[in-house]
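Just below is one structure, and these are the notes that go with it.
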Amino acid sequence: MDEPSFEAFFHLMFPRLSRYAQRRVDPMAAEDLAAAALETIWNKDVDTPADDVAHRKLQSLAYRVLEGHLRNGVRGAARRSRVVEAVADEVLARPHDPDVAEVVTTDSWPEWAESLSYSDRDVLELVVDGYRVSEIAIILDCSPGAVTMRLRRAKRNARLLFDRRVGTHDDS
């Protein structure tokens, strides 16, 4: 389809497809889906409709493509939900030992922030935020080995401060 014909088709169909998609999704998502459906048709490089029958077929194709995008969205959401449930089940099934991330994110974290060095706080906060060692290495611009060493030191220092706080550490 040539560009001027597609532009006319787009202006005709975009509001119709958006309104149709709003039956199942919010208005912003509906507009995105309508645009995606029309983009799919553009990428298919269909012929310019020669008569009214061909034009109606093209309109019907647009609705079918939109339905496909809607179904893909539903399937994707269901797939993500299944993955989240599987991960949650696996996490809940594991034995649970408190980690330094849980210790430092308790209500006493502000007190710890004053006692720990900036480097220790920084690496612990990145772990608490869910970053992996390789990602922390990129953020801190150092090697993964250096991150592991910093993390080990920060955990040791945090444990010492925690033990002192709860009175389980003998300073003698």
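The values are calculated or read from the model by the stated rules, or taken from the named source; none is laboratory data. Computed from a predicted model, the values in this text were never measured in an experiment. Every residue, glycine as well, gets a Cβ built from its backbone with ideal geometry; the counts of neighbours run over all protein chains shown. Note: areas computed on protein heavy atoms with side chains; ligands, DNA, RNA excluded. Shrake-Rupley method; radii C 1.70, N 1.55, O 1.52, S 1.80 Å.
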Residues of the stretch 9-43 being closer than 15 Å to Ala62 by Cα and exposed (fewer than 11 other Cβ atoms within 10 Å of the Cβ), in sequence order, are His11, Asn43
Taking the stretch 136-151 and keeping residues open to solvent by 80 Å² or more (accessible area, probe 1.4 Å) and over 12 Å from Ser119 (Cα atoms) leaves Ile138, Ile139, Asp141
Arg23 fails exactly one of (1) in a loop (DSSP other than H, G, I, E, B); (2) touching a residue at least 24 places away in the same chain (Cβ under 8 Å), namely (2)
Residue under question is Arg56, and the condition is that it be surrounded by 13 or more Cβ atoms within 10 Å (Cβ to Cβ), of a type in the set (D, E, K, R) and in a helix (DSSP H, G or I); does it hold?
no
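Kindly indicate the residue of the stretch 63-115 that is polar (S, T, N, Q) and open to solvent by 70 Å² or more (accessible area, probe 1.4 Å) and also modelled with the lowest pLDDT among those meeting that condition. Lay out the reasoning, then the answer.
Taking the stretch 63-115 first, the residues polar (S, T, N, Q) are 72, 81, 105-106, 108, 115.
When the remaining residues are screened for being open to solvent by 70 Å² or more (accessible area, probe 1.4 Å), the result is 72, 105, 115.
Working: Asn72: 89, Thr105: 48, Ser115: 74.
The extreme case among them is Thr105.
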Expected output for the stretch 49-71 (first residue over 14 Å from Phe14 (Cβ atoms), partner part of a helix (DSSP H, G or I) and open to solvent by 40 Å² or more (accessible area, probe 1.4 Å), Cβ below 6 Å, 6+ apart or cross-chain) is Pro49/His55
